[in-house]
1. Does segment 187-225 hold any residues that are of a type outside the set (Val, Ile, Thr) and under 18 Å from the mean Cα position of the chain (by Cα), and which are they?
2. List the number of the failed condition for residue 389; all other conditions in (1) touching a residue at least 60 places away in the same chain (Cβ under 8 Å); (2) farther than 22 Å from residue 437 by Cα; (3) of a type outside the set (A, V, I, L, M) hold.
3. Considering each residue of segment 464-507, count those that are of a type outside the set (A, V, I, L, M, F, W, C) and part of a strand (DSSP E or B), and give that number.
4. If residue 112 passes every condition in (1) in the same structural domain as residue 281 (by the TED database); (2) open to solvent by 10 Å² or more (accessible area, probe 1.4 Å); (3) more than 22 Å from residue 451 (Cα to Cα); (4) of a type outside the set (A, V, I, L, M, F, W, C) but one, which one does it miss?
5. Take the residues in segment 446-475 that are charged (D, E, K, R) and free of Cβ contacts under 8 Å to residues at least 60 places away in the same chain, then tell me which one is nearest to residue 245 (Cα to Cα).
6. Take residue 515 and decide whether it is buried (at least 19 other Cβ atoms within 10 Å of the Cβ) and not in a helix (DSSP H, G or I).
7. Out of segment 411-425, which residues are open to solvent by less than 60 Å² (accessible area, probe 1.4 Å) and in contact (Cβ under 8 Å) with a residue 40 or more places away in the chain?
8. So which residues in segment 355-378 are aromatic (Phe, Trp, Tyr) and either over 16 Å from residue 432 (Cβ atoms) or part of a strand (DSSP E or B) (or both)?
Amino acid sequence: MLALGKKASVCHLGSCCSVPFKTVPLPRFATSTKTKTNVHKQGRSDVWFLLRNVRKLAQNSTRWELKAAPAIASTASFHEARRYFHNSAVRNSRYSASTIMTTYHKELLLGHYDIVGFDLDGTLLRYNLREMSALIYDVLKQFLVEQRGYKSDLLAQPLDVDFLQKGLFLDGPRGNVLKLSNEAEIMRATHGTRLLTDEEIVAIYGAERKWDITTAFYKDPLSTWNGAASTQMRSLLDYFDMPSALVFAQAVDQVDRERRKTCPVEEYQVWQDVQAGLMHIFSRENFANGKSLYFKSMRAEPQRFVLPTDKRVLQWLNELRKSGKKLFLLTGSNVDFANLTATQALGKDWRSHFDFVVTYAKKPGFFTCQRPFMKVDVEKLTEMTWEAEVIKPGEVYSQGNWHGLHAAMASMLNKEPCEAKALYFGDNIVQDVYTPVKHRDFDAVAIAEELLLEDGKYPFTAELDSQFWGSYFALECTPTLWSSFISSYAQLCVPSVEQVAQNSPQKRIICSNPYGFSPRLPKELETLHLKNCNRG
């Protein structure tokens, strides 16, 4: 992965930061029409299938441990299992007072958290995805042509927005783009921009349709964050990454055209070139010096790319603080870029909404490593060269670690860190949801703007509703890897912070399904669960 100076910034984790675990996927689904017909003849509902998988669901998100669940073989045992599941969930939930999962829904009560944190890009502020995608696509192609020697006809390639999707994986050595299932099976793939057939996928990746590196990512995303795996595979985790899939694919096409008459390419170097381009355009050093066309465009017209945040969100942040909570902003963006975008979205006084602001946090390492906090000169918007001995509220810091930040806020609450419960909002499923929940003591709310596609007024449907790749949440009868991660680690998944901000801190937020998607399941998962496929 890259060490970038903005949203996509990551760190060099080291072996101590990887903790193997077993991912709890969404329940598997049978695809047999005959099975579906027989089930409906028996009159069994979708809830019956949920309860049939009661043990898997009990391990979901809050990771309850149920040692035994009654079998479901009759109406009586159905209700018995339902009661058992609900009672066990309440008894064993890590935060039983604040987050309760029943057979029908997940619930979240903000009032039971002492500390609430927020990512910035894609969370507290949203981007004009049409303008942002086009900008990143253009400057990345220009880098490949001007700095890496690709032919200029790459610049003439069109921006095919239907090829864009968050959550895809790049197989660098083979020149392929992959979409993964909830168990890391390759559901759909391209070589360059050409869609591969099922037979070709099996020929390349084997009958199980799996690649060992993406399987390792599925088992523990942090195990592939650095080292050899990061030079071969890239997971496109957010909207800043999204355009690079198309640039990568079109560059692979160009290499194939040039080499077709000589010899086939045994191993592609395109990913290394795209990676260098991403590091260049997003490097924090290039914000001030004008070397990054991306930053240069952002500085010239921030209003073109950054959407204003709803004022209700700012009012809600103030309500959270008035209710006694400590708030922090944690972003991978460097302080100068964060100030540019936050000022555009939240206003000039954006820092006043938080007790602590930490920039260039190098997530996910912020949650797993022990980097020092560096002082920030808020007038010059630069990171100073010396460490902060003590972190104080109202200041801005760079880098740092969760242990120190948690301890500082717990002290303000007159609590021990283990008593100060924390919740974090973020859109990057690995950096903002999986890592703080799996490797630290957080709960997390996932932001997935793809949920807004069901709103007929959503302006960026073309950029997020790919007909080529299918839904971000599912493909035919199979949930995606990201649906599984969201269900397993997020307390809730919402389309935007604005939705949560409509509720007071004292109001319990309820979603109508056991997977945490609020206010409702994505239509693709809803159709999958209730109509097309049944759990086996």
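The values are calculated or read from the model by the stated rules, or taken from the named source; none is laboratory data. Worth saying up front: this structure is predicted, and the values here are computed from it rather than measured. Counting neighbours? That spans all protein chains shown, and the Cβs are built from the backbone with ideal geometry, glycine included. Surface accessibility is based on the protein's heavy atoms, side chains included, excluding ligands, DNA and RNA. Shrake-Rupley method; radii C 1.70, N 1.55, O 1.52, S 1.80 Å.
1. Those that are of a type outside the set (Val, Ile, Thr) and under 18 Å from the mean Cα position of the chain (by Cα): 216, 217, 218, 219, 220, 221, 222, 223, 225.
2. (1)
3. So the count comes out to 3.
4. Condition (1) is where residue 112 drops out.
5. Per the criteria, the residue is 465.
6. Working: buried (at least 19 other Cβ atoms within 10 Å of the Cβ): yes; not in a helix (DSSP H, G or I): yes.
Yes, satisfied.
7. The answer is 413, 420, 422, 423, 424, 425.
8. First pass over segment 355-378, keeping only residues aromatic (Phe, Trp, Tyr): 356, 360, 366-367, 373.
Result: 356, 373.
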